[in-house]
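K.L.:
Structure provided below as structure tokens; questions to follow.
Bear in mind that the values in this text are calculations on the coordinates, not laboratory data. What you are looking at is a predicted structure, and each value in this text was computed from that prediction instead of being measured. Virtual Cβ from ideal backbone geometry, glycine too; neighbours counted across all protein chains shown.
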Amino acid sequence: MRTHSQPALVALLTAALLGSFFLPFISIPLLMQITPIATLQEVGLNGLRDMDFVAQLFFASYPLAALVLLLALLRACPGVLALIAGAMPIGVAAWTALNVNDELRQLGLQVSALDFVDFLGSGAYLYIGAAVALVLIVIFDRTSA
């Protein structure tokens, strides 16, 4: 398996993915900010088992990004692994975008997904933006396999 030819870009983008772990994904000014690290601290590792599959994928994307970052720094990252590390967040975001209206109704909230977009924090944008850029880098890198 050939390694990715642009390890610096892959390292930068996976570091950005990891950085989003500490930034707010949901930010309601003066009320609350929800970050992945705070959520994980609140539920603990045992609470991850009780989460739905997409939430587990979301949290699993971070160790995968850390592995890809390490391999990219060692210049030994397979392109397919970098592609998976970028595709997981995109899949999680797509599923969430398609199902957020149902989830909000189940919670008894009378808001739509479009209303909810106003509360997305910088972590969500960094998570998705870095993932999309990572996928594009891998897809358009002509020397990776």
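K.L.:
Taking 0.36 nm per residue of separation and subtracting the Cα-Cα distance, what length does fully extending ALA38 through VAL117 add?
P.N.:
26.4 nm
K.L.:
Another question, then. Name the most mobile residue of GLN33, GLN56, GLN41, meaning the one with the largest mean-square fluctuation, in a Gaussian network model of the chain with Cα contacts below 10 Å.
P.N.:
GLN41
K.L.:
Mean projection of the alpha-carbon convex hull of the chain over all orientations, in nm²?
P.N.:
On the way: hull surface 37.2 nm².
Dividing the Cα hull surface by four gives the mean projection, 9.3 nm².
K.L.:
7 Å from Cα along Cα→Cβ at both ALA87 and LEU31: what's the point-to-point distance in nm?
P.N.:
Each label point lies 7 Å from its Cα, and together they span 3.7 nm.
K.L.:
Mind putting a number on the dipole of the chain about its Cα centre? Charges go on the C-beta only, +1 for Lys and Arg and -1 for Asp and Glu, and I need it in Debye to the nearest 20.
P.N.:
Details: 5 positive and 8 negative charges, 126 e Å.
That gives the chain a dipole magnitude of about 600 debye.
K.L.:
Within a 10 angstrom radius of the beta carbon, how do GLU42, GLU103 rank from fewest other beta carbons to most?
P.N.:
Numbers: GLU42 9, GLU103 13.
Ascending Cβ contact count within 10 Å gives the list GLU42, GLU103.
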